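A short worksheet on the structure shown next.
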Amino acid sequence: MRFSRPPLFCWLPTLCWLTVLPLSAELPISVVLREGSIIDGDAVVFRLEDPKVNQAGEVGFFGIAQRGSLSDRFVWIDDGPVWFNSLGPGGFTSGEGAFGIGDGGQFVYPPTIDGQAALWTDRGLLAEAGAAAPGLPDATLVGFSFLEMTANDRIFWAAWVDPEGPASRDRALYRSTGPGAPVDLLVNGAEPIDGTTIIRFIDLDASNGGDHYAAIALTDSGSVDTDLILILDGAFAGREGELVTTTGESWERFQLVAVNDRGNLAVSGELAGPEDRDDVISLDNHIVLREGDAIADRVLTAPALIKGLALDNRGRMLHAWRSNGVETLYLAQDAGDPANTSTALLSVGDRIDTDGDGAVDGAVTEFNFNWTTFRRLDLAEGDNVCVEVDLEGGNDDEAVLCIDVSSLGSSAAVLEIPTLSGAGLAALLGLVTLAGIGLLRRRAS
C-alpha cells in the first residue's frame, strides 16, 4: 500500500508542479486491523488503541470487539488476537489505556478484575488493587497508570498507593519481569526528590532493552513554574524553570520524554520566549528541532505542537507535529539532527490504498496518539513503524497502520550527543530544566 497527497488546483504551472510533488515518503503501508473487522469468528472490532512494536518487528495493541450485545476487550500480537477478557478467571472488564508487548508473545495491560484495578500479563496476574505495595510497608496498591514492557521482558509500571487510607495517596514506580518475579521499587513518590514529593507521574518511557527509564512527575513544589521534574534512572535530572545550557533559554512547558539503551534522553516542550519558536525537542539538553525550522521539504510553521516522541537504539527518532492545523509523523535517521535527516512518513489528509489494489481508497483523517493521554508513539529497532489512525469512510473507522521504512537507509550508528544519565546529567547541566505543566495548564491538544 502506498499513499499520496491530493493535487491542488492552481493557475501557475510552476507553482502547481511544486505543489503536487509528494511531500511525504512513498512508503509501503499495511492495514493490520480496522474497525468493523471480524475476529475470532464472531467478534466485530469497534475500538483500537495505540500499537507497540517489539524487536522482532511484530505489532501488538489492545482493542474492543462486540460479540452480540456484549463487548469483549482483546490483545492482538502479530497477526491475530492472543487474549480476550472473556477468557480471564472471574469478571474481567475495562482495559483501555496503557499496554506493553515483549519479544516472545508477552503482554501486559490494566483490566478491572472483579471490580478491582489490576495488571494482567500473558502469564497471569502481576498486581491488583488491595494488595500490599511492594517495598512500602503498611501501604496498599490502589490503581495503575503508565506501563512499559521491554525486549527482555522487563515491565515498568506506575501505581497509586495508600499509605494511610484513601485520603492519602502517593505514587510509586516499579519494575518486574512478570508474575512471581521480584518487584523492584524504583521511585517512592513520598520520598523527597530535589526537596519535593511526587503528586503524580505525567509521562514514562523505558528504553527498548530496559537498560534505562525516564519519567516526568508533577511535584508539590508550591509553584506552577517549578512543579514538574524529570527523573532518569531513579535520579533527579532537572526541573522546569531552569536553563537549557546550549541556548541560555529556560523551559516553560513540558510534554514528553523518551530514552534509549545508551541513555540518550529526548524531551519535548516549550521554552520561555517568542511563541513562534518556543516548541522544541531536545536531546540530552541540546535543542535539536524547534518550531519554525525547515524539515522534510516543509516548515514547522507556528502554531506548532509536538504530538509524539520516541527513540530507538539505532540513533533514530520518531516524532509527530501539528503545524498549521496539519498533523505529520516524521522519522529522523539521526536523532541528533532531525531537521536534516527526517522523512515525513504520513500526514492527516494523505490518501492511501487500504487493500493493495493500487487505487486510493480513503484518507487519513486523524492520528490518535496524544501526549495528554497514555497514548504514545513507539519505535523499535526494526523497520516497522506503526500508528493508530482514523481512516476516511462511513464513520471514519479506526485502524492500525504499519509503515515499512526499510527503504530509508541506514540510521546514525552513534549519536554525537554526550550520553549521560541520572545525577551525571543533572550535574553537567547545572540541574537542567525540563519544564512541565499540570493538567490545568496543558495546552489543548
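The values are calculated or read from the model by the stated rules, or taken from the named source; none is laboratory data. Worth saying up front: this structure is predicted, and the values here are computed from it rather than measured. No Cβ is skipped: glycine too gets one built from the backbone with ideal geometry, and neighbour counts run over all protein chains shown. Protein only, heavy atoms only, side chains kept; ligands, DNA and RNA dropped before computing areas. Shrake-Rupley method; radii C 1.70, N 1.55, O 1.52, S 1.80 Å.
Observations on the model:
- Cα gyration tensor shape for region 88-217, rounded if a/c is under 1.5, else prolate or oblate: oblate
- For region 348-353, putting each phi into the Karplus relation 6.51 cos²θ - 1.76 cosθ + 1.60 with θ = phi - 60° gives couplings of 4, x, 5, 8, 10, 8 Hz, in residue order, rounded to whole numbers and with x for Gly and Pro.
- Each of 42, 184 has its accessible area taken with a 1.4 Å probe; listed largest first, they run 42, 184.
- Anisotropy class of region 44-139 from Cα gyration tensor, a/c 1.5 cut: oblate
- Taking amide hydrogens as placed 1.01 Å from N in the peptide plane, the amide H of residue 82 sits under 5 Å from those of 75, 76, 77, each at least 5 positions away in sequence or on another chain.
- Reported to the nearest whole Å, the Cα centre-to-centre distance from region 328-348 to region 272-312 is 11.
- Heavy-atom accessible surface of residue 212, to the nearest 10 Å², is about 30 Å², with a 1.4 Å probe and all protein chains retained.
- For region 130-136, the Karplus equation 6.51 cos²θ - 1.76 cosθ + 1.60, evaluated at θ = phi - 60°, returns couplings of x, 7, 4, 6, x, x, 10 Hz by residue, with Gly and Pro reported as x.
- Loop-resident trypsin sites (Lys or Arg not before Pro) (DSSP state other than H, G, I, E or B) in region 104-201 with no more than 16 further Cβ atoms inside 10 Å of their Cβ: 123.
- Contact order normalised by residue count of region 80-176, Cα under 8 Å, 6+ apart, percent: 19
- Amide H contacts of residue 392: 363, 364, 365, each under 5 Å away and 5 or more positions distant or on a separate chain (H built 1.01 Å from N in the peptide plane; Pro and chain starts excluded).
- Inter-part distance where region 216-260 and region 28-88 are each reduced to a Cα centre, Å: 36
- Residues whose amide H lies under 5 Å from that of residue 242, counting only those 5 or more places away or on a different chain, are 251, 433, 434; hydrogens are built 1.01 Å from N in the peptide plane.
- Gyration tensor verdict on region 239-356 (Cα atoms; rounded if a/c is under 1.5, prolate if a/b is larger than b/c, oblate otherwise): oblate
- Accessible area of residue 198 (1.4 Å probe, protein heavy atoms only, ligands and nucleic acids ignored): about 10 Å².
- Region 275-393 - percent relative contact order, Cα under 8 Å, separation 6 or more: 19
- Figure note: 79, 279, 170 ranked by solvent-accessible area, largest first, 1.4 Å probe, ligands and nucleic acids not counted: 79, 170, 279.
- Integer Hz, Karplus 6.51/-1.76/1.60 couplings in order for region 324-337, x for Gly and Pro: 6, x, 10, 9, 9, 9, 10, 10, 9, 6, 10, 4, x, 9
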